[in-house]
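Here the structure comes first, spelled out in structure tokens, and everything after it is commentary.
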Amino acid sequence: MKITVQDLRREQEARQDNFEIMLRRQGWQLIRHRPVHTDSRVIRVFQDSSPNSTEHETITFYEAFGDNTFRKLLRHIFFHKRCTPDELKRICGSEQKRNKYLAFMAEYGLAVPDGDLLCKGPDYREIDNIGPTLEWYVAEWFRTWLQVPARHGVAIKDVADGGDLDVVAFVDGIRVMVECKSGSPTQIGESEIKLFLQRAADFNPEIAILLIDTESRIDQQVEMINRFRTGGDPLTAQDARCSLYWGARHIYAINSRVSIADSLSAVLRLYYSKIRHIAFWRMSLE
């Protein structure tokens with residue numbers, strides 16, 4: 001994908017948020033992170049060459065990507081590369097909503113018609129999954145909604161498996177780590193859960209989130225976390241719909257039942273209204 005002068009300018013501006021300095025102040029050494037605006041693994045959209053087009057289109061794509069249905073359609077098209085209208089109809093039964101998102105994809109070249117089929121756009125042939133884009137979206141949510149430093153594709157010294165963390169953010173100085181899973185929950189195995197727990201133990205943020213991008217229940221994944229955790233109370237549901245779990249002191253597991261933004265906000269509400277007070281209360285008894 002092309003990189004414009006505007007992209008480079010925005011990349012330079014993004015580095016002014018002191019993300020690396022905040023890591024250093026907490027004793028961590030940053031090895032690298034993926035670019036904020038020019039990551040070749042992340043889906044980016046273009047329409048024209050006007051001075052503000054790249055920034056405007058990034059915002060437009062960010063808003064669309066935040067919708068669960070849009071991500072489901074995009075994930076299917078990018079993974080399968082060619083799909084039929086019936087396949088997309090099974091993903092989204094609402095014709096109006098489906099047509100709206102497919103028109104958006106056509107406008108920006110994300111998907112193009114080929115006879116009766118819909119195919120991934122040729123500009124995106126090197127991208128075969130939306131995983132890195134999901135990581136970018138979560139980091140962008142922290143940057144735009146909370147106005148805090150955040151990066152995706154972060155590698156930190158002395159953290160398990162090369163120190164690769166999907167998303168790291170600082171909220172009021174509190175270190176937040178998010179591991180993003182974009183595939184089917186049934187494909188999340190024991191090794192991935194163990195690695196998440198090891199990274200959470202090594203990096204030891206105040207908030208360590210396992211985000212599973214699904215509207216389905218995540219009971220099985222939570223059961224694995226409880227089985228392999230090395231200490232603390234087991235994770236238990238913190239809401240009536242079992243979309244938010246907390247336990248083991250700082251571990252949170254969420255799905256995207258309403259939206260990713262809603263789930264991330266729910267974690268922060270829980271932490272600030274309850275969890276941090278529990279931690280303070282326990283420390284005062286020691």
Practice item. Within the range 232-283, track down each residue that is under 16 Å from the mean Cα position of the chain (by Cα) and in a helix (DSSP H, G or I). Key: 260, 261, 262, 263, 264, 265, 266, 267, 268
Study note, to complete from the structure: Per the filter on the range 196-226, residues more than 20 Å from residue 26 (Cα to Cα) and β-branched (Val, Ile, Thr) are 212, 214, 218, 222, 225
Point to revise | Looking only at the range 177-215, and only at residues there that are modelled with pLDDT of 95 or more and of a type in the set (Ser, Thr, Tyr), the one that is farthest from residue 68 (Cα to Cα) | key: 191
Check your understanding: Which one of the conditions (1) outside any helix (DSSP H, G or I); (2) at pLDDT 95 or above does residue 77 fail to meet, given that it meets all the rest?
Key -> (1)
Practice item. Look at residue 262 and say whether it is surrounded by fewer than 22 Cβ atoms within 10 Å (Cβ to Cβ), touching a strand residue (DSSP E or B) at 6+ places or on another chain (Cβ under 9 Å) and charged (D, E, K, R). Key: no
Practice item. Assess whether residue 234 counts as being in contact with a helix residue (DSSP H, G or I) (Cβ under 7 Å, 6 or more places away or on another chain) and at pLDDT below 95. Key: no
Exercise for review: Return yes when residue 150 is closer than 22 Å to residue 255 by Cα, touching a helix residue (DSSP H, G or I) at 6+ places or on another chain (Cβ under 6 Å) and not aromatic (Phe, Trp, Tyr) and no when it is not.
Suggested key: yes
Check your understanding: What's the number of the condition residue 189 fails, among (1) surrounded by fewer than 21 Cβ atoms within 10 Å (Cβ to Cβ); (2) touching a strand residue (DSSP E or B) at 6+ places or on another chain (Cβ under 8 Å); (3) in the same structural domain as residue 269 (by TED's automatic domain parsing)?
Key -> (2)
Review point. In the list 165, 134, which residue meets the criterion of being at pLDDT 95 or above, within 13 Å of residue 200 (Cβ to Cβ) and crowded, with 22+ Cβ neighbours inside 10 Å?
Key: 165
Check your understanding: Is there a residue in the range 243-260 that is of a type in the set (D, E, K, R) and on the phi > 0 side of the Ramachandran plot?
Key -> yes
Practice item. Six or more apart or on different chains, Cβ under 8 Å: which pairs go from a residue in the range 177-197 that's of a type in the set (Asp, Glu) to one that's outside any strand (DSSP E or B)? Could you list them? Key: 179/196; 179/199; 190/224; 190/228
Check your understanding: Can you tell me which residue in the range 13-35 is nearest to residue 134 (Cα to Cα), limited to those that are in contact with a His (Cβ under 8 Å, 6 or more places away or on another chain) and at pLDDT 95 or above?
Key -> 34
**Study point:** Verdict on residue 137 being of a type in the set (Phe, Trp, Tyr), over 15 Å from the mean Cα position of the chain (by Cα) and closer than 20 Å to residue 78 by Cβ
**Key:** no
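The values are calculated or read from the model by the stated rules, or taken from the named source; none is laboratory data. Bear in mind the structure is a predicted one, so any value in this text is a computation, not a measurement. Backbone-built Cβ (ideal geometry, glycine too); neighbour counts: all protein chains shown.
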